[in-house]
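Undergrad: I have a structure here, written as structure tokens, and I will follow up with some questions on it.
The values are calculated or read from the model by the stated rules, or taken from the named source; none is laboratory data. No experiment lies behind these values; they were computed from the predicted model shown. Counting neighbours? That spans all protein chains shown, and the Cβs are built from the backbone with ideal geometry, glycine included.
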Amino acid sequence: MREFLKPVAAVHPQPADPTSARYVRSYLIMRTLVGALAIALPFVLVLVDGLSFDGDPFPRTSLSAYYYSGARELFVGGLSAVGVFLITYKVAEANLDNTLSLLAGIAVLVVAQFPPGRPTRLVGPTPLQDLFGESVVGVIHFTAAATFIMSLAALSYYFGWREGARPPVAGRRSPRFWQRYHWICAGIIVAALAWCAITLLSDWGPSRALLYGEAVAVWAFGASWLWKGLELDMLRGGTA
């Protein structure tokens, strides 16, 4: 059981075997696509709701509020895609990366299925809200969202921790640069979560404070994973 709480410290070299390299490239492509999806999702939700469905208010007060918009399927589908990837990301390994990734994946699936409180009584409750009560479902939603974001911050931190242990390679950015890059992403995620908590609990800040905080956290997660996946020499088919 302790293995699931142990960080991965070893940095393995890229495989020279062509068959193994193909699997690694597929893995890197998926990781890159998940990062790109995370960066694009806030823009897509806001623009699709505003341009195709005349969203009101525009933009809405949070990313979660798009559950009750014309872009609901994009919201649920995008989060579900991220969740499935995170659950399968390290599922065959017994280490802290797998534990954090599983936790983040399950949490974001809960976020997608358990909506926040209804924006108006004119919107009917969902079956889950009828079953458990709207307040209970809302608490589950925001608890899962916080768990998801904190797990992502921890994953980005460990990305940086391992990147700093890589040997330097001539012609590439230094391991120290990538360590700082991922740690900055992790710090931004934590700061965005703190911003959301403070503005939500104190009723201080702009009316769309929650939207801004959630978007920044998702963008920082996407940036960390996008560049973690863009190991260009492997994606091009190299083995060096």
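Undergrad: Does at least one position in the stretch 159-169 carry a residue that is of a type in the set (Gly, Ala, Ser), over 27 Å from VAL44 (Cα atoms) and surrounded by 18 or more Cβ atoms within 10 Å (Cβ to Cβ)?
TA: Scanning the stretch 159-169, I find at least one residue that is of a type in the set (Gly, Ala, Ser), over 27 Å from VAL44 (Cα atoms) and surrounded by 18 or more Cβ atoms within 10 Å (Cβ to Cβ), so the answer is yes.
Undergrad: Same structure again: Scan the stretch 107-134 for residues that are in a helix (DSSP H, G or I) and either among the hydrophobic types (A, V, I, L, M, F, W, C) or closer than 18 Å to LEU210 by Cα (or both) and jot them down.
TA: ALA107, VAL108, LEU109, VAL110, VAL111, ALA112, LEU128, LEU131, PHE132, listed by residue number.
Undergrad: Which count do you get for residues in the stretch 38-60 that are exposed (fewer than 15 other Cβ atoms within 10 Å of the Cβ) and in contact with a helix residue (DSSP H, G or I) (Cβ under 7 Å, 6 or more places away or on another chain)?
TA: Here the count works out to 1.
Undergrad: Starting from the stretch 215-240, take each residue that is under 18 Å from ILE39 (Cβ atoms) and of a type in the set (D, E, K, R) and list its partners that are at pLDDT 85 or above and crowded, with 20+ Cβ neighbours inside 10 Å, counting only C-beta distances under 6 angstrom and pairs at least six apart or across chains.
TA: If the second residue must be at pLDDT 85 or above and crowded, with 20+ Cβ neighbours inside 10 Å, the pairs left are LYS228/PHE159.
Undergrad: Is there a residue being surrounded by fewer than 18 Cβ atoms within 10 Å (Cβ to Cβ) and at positive phi anywhere in the stretch 116-134?
TA: Yes, the conditions are met somewhere in the stretch 116-134.
So that you can scan it fast, the table gives a plain yes or no per residue for (1) in contact with a Pro (Cβ under 7 Å, 6 or more places away or on another chain); (2) at pLDDT below 90; (3) assigned to a helix (DSSP H, G or I); (4) among the charged types (D, E, K, R):
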position: PRO7; (1), (2), (3), (4): no, yes, no, no
position: ALA10; (1), (2), (3), (4): no, yes, no, no
position: VAL24; (1), (2), (3), (4): yes, yes, yes, no
position: PHE43; (1), (2), (3), (4): no, no, yes, no
position: ASP49; (1), (2), (3), (4): no, no, yes, yes
position: GLY55; (1), (2), (3), (4): no, yes, no, no
position: ARG60; (1), (2), (3), (4): no, no, no, yes
position: PHE75; (1), (2), (3), (4): no, no, yes, no
position: VAL82; (1), (2), (3), (4): no, no, yes, no
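Undergrad: Considering only residues that are buried (at least 16 other Cβ atoms within 10 Å of the Cβ) and not hydrophobic (A, V, I, L, M, F, W, C), look in the stretch 81-100 and name the one that is nearest to PHE4 (Cα to Cα).
TA: ASN95
Undergrad: Conditions first: (1) in contact with a Phe, Trp or Tyr (Cβ under 6 Å, 6 or more places away or on another chain); (2) free of Cβ contacts under 8 Å to residues at least 24 places away in the same chain; (3) part of a loop (DSSP other than H, G, I, E, B). ALA94 passes all but one, so which condition is the exception?
TA: (2)
Undergrad: Report every pair of residues separated by at least 6 positions or lying on different chains whose Cβ atoms are under 9 Å apart, first residue within the stretch 2-27 and more than 24 Å from LEU103 (Cβ to Cβ), second aliphatic (A, V, I, L, M) and at pLDDT 70 or above.
TA: Going by the 9 Å Cβ cut-off, the qualifying pairs are GLN14/VAL24; PRO15/VAL24.
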